[in-house]
1. Quick one: in region 73-101, which of the residues that are open to solvent by 10 Å² or more (accessible area, probe 1.4 Å) and aliphatic (A, V, I, L, M) is nearest to ligand 3 (Cβ to nearest atom)?
2. For the structure I just gave you, tell me whether SER167 is within 16 Å of ligand 2 (Cβ to nearest atom) and surrounded by 21 or more Cβ atoms within 10 Å (Cβ to Cβ).
3. Within region 183-200, work out how many residues are surrounded by 18 or more Cβ atoms within 10 Å (Cβ to Cβ) and either touching a Cys at 6+ places or on another chain (Cβ under 7 Å) or not in a strand (DSSP E or B) (or both).
4. Does ALA161 qualify as being more than 14 Å from VAL3 (Cβ to Cβ) and open to solvent by less than 30 Å² (accessible area, probe 1.4 Å)?
5. Taking into account only those residues within region 28-66 that are away from ligand 3 (no atom under 14 Å from the Cβ) and in a strand (DSSP E or B), which is least open to solvent (accessible area, probe 1.4 Å)?
6. Which one of these does GLY108 not meet: (1) crowded, with 23+ Cβ neighbours inside 10 Å; (2) within 18 Å of ILE177 (Cα to Cα)?
7. Residue pairs, Cβ under 7 Å, 6 or more apart or interchain, first in region 15-41 and over 21 Å from PRO71 (Cα atoms), second in a helix (DSSP H, G or I). List them.
Amino acid sequence: MPVVPKSAEEIEYMRHAGRLAAEVLDFVAPKVRAGMSTGELDKLCHDYMVEIQGTVPAPLNYAPPGYKPFPKSICTSVNHQVCHGIPGDRVLKAGDIVNIDITVIKDGYHGDTSRMFFVGEPSIQARRLVDATFECMWLGIAAVRPGGHLGDIGAAIQRRAEEHGYSVVREFCGHGIGRKFHEEPQVLHYGKAGTGLRLEPGMIFTVEPMINAGKPAIRELADGWTIVTKDHSLSAQWEHTVLVTETGFEVLTRSAGAPPMPEHLAAA
Ligand code: MF3
Ligand code: CO
Ligand code: CO
């Protein structure tokens with residue numbers, strides 16, 4: 001199946017959806033504190049999306065082939081949870097790291113973004129992993145340009161992750177996004193520069209590396225969704241939705257509170 005670049009009109013809708021997804025993270029950020037449960041964060045985000053933004057939380061009842069419907073409106077993945085954590089009774093405590101992954105639908109278009117949050121003061125190891133994963137995401141995004149290849153993104157991410165002695169999760173990847181939550185292409189977070197799909201202006205996909213402090217192997221919990229590291233090492237993830245432009249890239253999931261691209265990359 002060919003990957004069809006989005007029209008100018010579709011891109012405008014995707015900009016809007018992307019900004020709204022990022023603004024949910026801005027809204028929830030100050031609420032990520034010790035004593036808060038992941039279920040409470042879900043409820044706060046759900047109500048913000050539905051009542052304030054007029055967006056639809058895409059995860060709620062999302063059921064790709066082989067999965068049972070996802071029961072909540074956001075994903076919360078704590079410590080050794082890699083992704084797709086289901087919010088519930090778990091109470092956050094000081095030292096936890098948590099990924100909150102937000103996908104909204106506005107006017108039929110999806111915006112998908114996630115950030116890591118520290119609950120209280122993280123350990124030195126946790127901060128290093130989270131910061132390195134943030135840099136990996138941006139190195140991947142910075143590799144996006146027309147005429148470039150999907151493999152450029154994965155290669156940039158894998159190289160930096162492995163320089164740190166970390167590993168890249170292989171089973172989940174970034175994805176095309178638009179009217180559908182998950183479209184073609186698959187955006188691997190590892191690989192070889194110059195390989196894979198050639199990037200064209202108008203293509204929109206996510207870059208969302210999952211980086212483990214230990215080995216890459218993962219396991220799915222009995223809830224059918226939550227992914228954890230097999231060796232119980234910490235895992236981190238950051239995600240943006242990105243447009244290929246005529247000259248490079250545009251991040252669609254920006255907002256006032258979104259942490260900016262690291263300066264040493266922006267200058268490059
Ligand atoms: N937001 C995730 C992604 O980045 C997908 C979550 S699917 C869900 O692709 F059902 F778990 F919400
Ligand atoms: Co995504
Ligand atoms: Co996501």
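The values are calculated or read from the model by the stated rules, or taken from the named source; none is laboratory data. Bear in mind that the values here come from a model prediction, so they are computed numbers and not experimental data. Cβ sites come from the backbone with ideal geometry, for glycine too, and all protein chains shown count toward neighbours. In case anyone asks, the SASA skips ligands and DNA or RNA and just uses the protein heavy atoms, side chains included. Shrake-Rupley method; radii C 1.70, N 1.55, O 1.52, S 1.80 Å.
1. In the first step, residues of region 73-101 are kept if they are open to solvent by 10 Å² or more (accessible area, probe 1.4 Å); the result is 75, 79-81, 84, 86, 88-91, 93-95, 101.
Add one more test, that the residue is aliphatic (A, V, I, L, M), and what stays is 86, 91, 94.
Values: ILE86: 14, VAL91: 23, ALA94: 26 Å.
Among those residues, the one meeting the criterion is ILE86.
2. On the way: within 16 Å of ligand 2 (Cβ to nearest atom): no; surrounded by 21 or more Cβ atoms within 10 Å (Cβ to Cβ): yes.
So SER167 does not fit the description; no.
3. The number of residues fulfilling the criteria is 8.
4. Here the answer is yes, as ALA161 does meet what is asked.
5. The extreme case among them is SER37.
6. (1)
7. Hits for this filter: LEU20/GLN53; PHE27/TYR48; LYS31/LEU41; LYS31/LEU44.
Residues are listed down the side, and each one gets a yes or a no for (1) over 17 Å from LEU265 (Cβ atoms); (2) out of contact with any Lys or Arg (no Cβ under 9 Å at 6 or more places or on another chain):
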{"position": "GLY120", "(1), (2)": "yes, no"}
{"position": "ASP131", "(1), (2)": "no, yes"}
{"position": "ILE141", "(1), (2)": "no, yes"}
{"position": "ASP152", "(1), (2)": "no, no"}
{"position": "ALA156", "(1), (2)": "no, yes"}
{"position": "GLU163", "(1), (2)": "no, yes"}
